[in-house]
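For reference, the structure is listed below as structure tokens.
The values are calculated or read from the model by the stated rules, or taken from the named source; none is laboratory data. From a predicted model like this one, the values you see are computed outputs, not experimental measurements. Please note: Cβ atoms are built from the backbone with ideal geometry, for glycine as well, and neighbour counts cover all protein chains shown. The protein model used for the area step is the full one, side chains on, heavy atoms only, and it has no ligands, DNA or RNA in it. Shrake-Rupley method; radii C 1.70, N 1.55, O 1.52, S 1.80 Å.
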Amino acid sequence: MPQSLYGVKEESKAIWVYLEQDDGVLENVSLEMFAKGREMADQLKWKLVGLLVGQGVAPLAKTAISHGADEIRIADHPLLAQFTIDAYGKMVFEAVMDGKPSVFLIGATPNGRDLAGRLAVRFRTGLNADCTNLHMDKKGGLLVSEVSGFGGGVVAMIEMHAHRPQMATVRPGVFALNEPDGNRKGEIITLPVALQPEMIKTRILECVKSGVVDLTRVPVLVVGGRGVNGDFATLRNLAGLLGGDVGATRPPVDEGHIERERQIGQTGVICSPKVAICCGLSGAFHLLVGIEKADVVVSVNSDPEAPIFEFSDYYIVGDVNQYLPAIIAALQTRREVSHA
Ligand SMILES: Cc1cc2nc3c(=O)[nH]c(=O)nc-3n(C[C@H](O)[C@H](O)[C@H](O)COP(=O)(O)OP(=O)(O)OC[C@H]3O[C@@H](n4cnc5c(N)ncnc54)[C@H](O)[C@@H]3O)c2cc1C
């Protein structure tokens, strides 16, 4: 691999986090990376820096500082009002070349993945994509990125010895948010922005938002598998009564019974609910990755040998068509009694 644009000798002892925002709202994954970044920076006594790009985004700097940043660098410009890879790629590239951080973390969102891949090529560095954990090797200041590979059968630890920045994208939901501290102080640096309209080749004609909620933080997650036979209305009913939302395994998604954004697991969303209720799903490794952070797992499966039972705190061996309506009826009755 060719040499990166800067190397270990020129790096600054800092962990940078790209603060992704959409319409002035920070993506949760950015703040989740701050929690982990703070922990790693403290170990090495390094600086934790947030890079914020957009228009009118300065108020978000305070939020990032309260979540652990020592410093926020802001690129604010009308041509950064919406994400375009031309404008954002240029700004982030210039900012990173200016600061030369040892580590640069980006959320594995659609825009984050777009940005990270292109930047890694420009820096001529590596990119540890879709990490499910990170830590710093204390002696050498090396980032160790955990990535699952070969269909989930292997967890690889990746280190980057000579190339900088050590780049990684992190899956939303893998790190818990830390408690914000409103009294925390940090430095805010405004970056010069030299953008011209002709530099931006992408034209955004329309933005269509999917409207699907953020499943990474729902308190109760009701997950339906192939065994629910496409009946997600019953699961929605159950989730609604419990103040939660619905996810699915891959087969019902592939069969078109539910939106792809609701797929839970290795190639879907990673969630940390208080309770995960698994209905008619076998408990494949690829699915378990998405619910392993649940405090309590409850499952219903007609097969007494279903692997999901080994992962469950409570389970029912039985038919979802029989048990789910009974549970819903019991919850409705309890609700009516408590409202009477
Ligand atoms: C690289 C890769 C990535 C993948 N990523 C994901 C991912 O992110 N998420 C994901 O979910 N999958 C993923 N998969 C697929 C995964 O390996 C499994 O195939 C999938 O999770 C199985 O879904 P399931 O449990 O719904 O179906 P099945 O394994 O077919 O299980 C259905 C279960 O329903 C039970 N059942 C049937 N009828 C009833 C009934 N009436 N009442 C109660 N129980 C009943 C059966 O006993 C069975 O246990 C991935 C696969 C690969 C190779």
Expressed in nanometres to one decimal, the distance between label points 7 Å along Cα→Cβ at residue 205 and residue 42 is 5.0 nm
Given pairs 36/274; 47/185; 36/138; 47/90; 47/138 and cut-off 19 Å on Cα-Cα distance, the over-length ones are 36/274; 47/90
Computed over the chain: longest principal axis from alpha-carbon atoms vs helix 28-44 long axis, angle to nearest 10 degrees, is 60 degrees
Taking a probe of 1.4 Å and leaving out DNA, RNA and ligands, the chain shows per residue an accessible area in Å² of 48 Å²
Under a 1.4 Å probe, counting only protein heavy atoms, residue 27 has an accessible area in Å², nearest 10, of 60 Å²
At R0 = 25 Å the Cβ-Cβ FRET efficiency linking residue 35 and residue 94, nearest 0.05, sits at 0.35
For residue 9 and residue 113, extending 7 Å from Cα along the Cα-Cβ vector and measuring point to point gives, in nm, a value of 3.8 nm
Extension length gain for residue 138 and residue 194 (0.36 nm per residue less Cα distance), in nm, is 16.4 nm
Site residue 334, offset 7 angstrom along Cα→Cβ, radius 18 Å on amide nitrogen, limited to the stretch 274-309, gives 274-279, 295-300
Accessible-area order for 285, 309, 83, largest to smallest, probe 1.4 angstrom, reads 285, 83, 309
Taking 0.36 nm per residue of separation between residue 236 and residue 255 and subtracting their Cα-Cα distance, the length gained on full extension comes to 5.0 nm
Sorting 86, 23, 254, 319 on solvent-accessible surface, 1.4 Å probe, most exposed first, gives 23, 254, 319, 86
Taking protein heavy atoms only, a 1.4 Å probe, and rounding to whole percent, the accessible area of the stretch 220-339 owed to carbon and sulfur comes out at 50 percent
With all protein chains in place and a 1.4 Å probe, residue 262 shows an accessible area in Å² (nearest 10) of 20 Å²
For the chain, the longest principal axis of the Cα atoms and the Cα long axis of helix 320-339 enclose an angle in degrees, to the nearest 10, of 90 degrees
Computed over the chain: longest principal axis from alpha-carbon atoms vs helix 110-123 long axis, angle to nearest 10 degrees, is 30 degrees
With all protein chains in place and a 1.4 Å probe, residue 130 shows an accessible area in Å² (nearest 10) of 50 Å²
Calculated from DSSP helices alone, with each H run of at least 4 adding -39500 (n - 2.57) and the total divided by the residues of the chain, [θ]222 nm to the nearest 500 comes to -8500 deg cm²/dmol
In nm, the gap between the two label points placed 7 Å beyond Cα toward Cβ at residue 58 and residue 178 is 2.6 nm
Sorted by accessible surface (1.4 Å probe, heavy atoms of the protein chains only), largest first, 88, 315 come out as 315, 88
Carbon and sulfur atoms account, in whole percent of the 1.4 Å probe accessible area of the stretch 6-199, for 53 percent
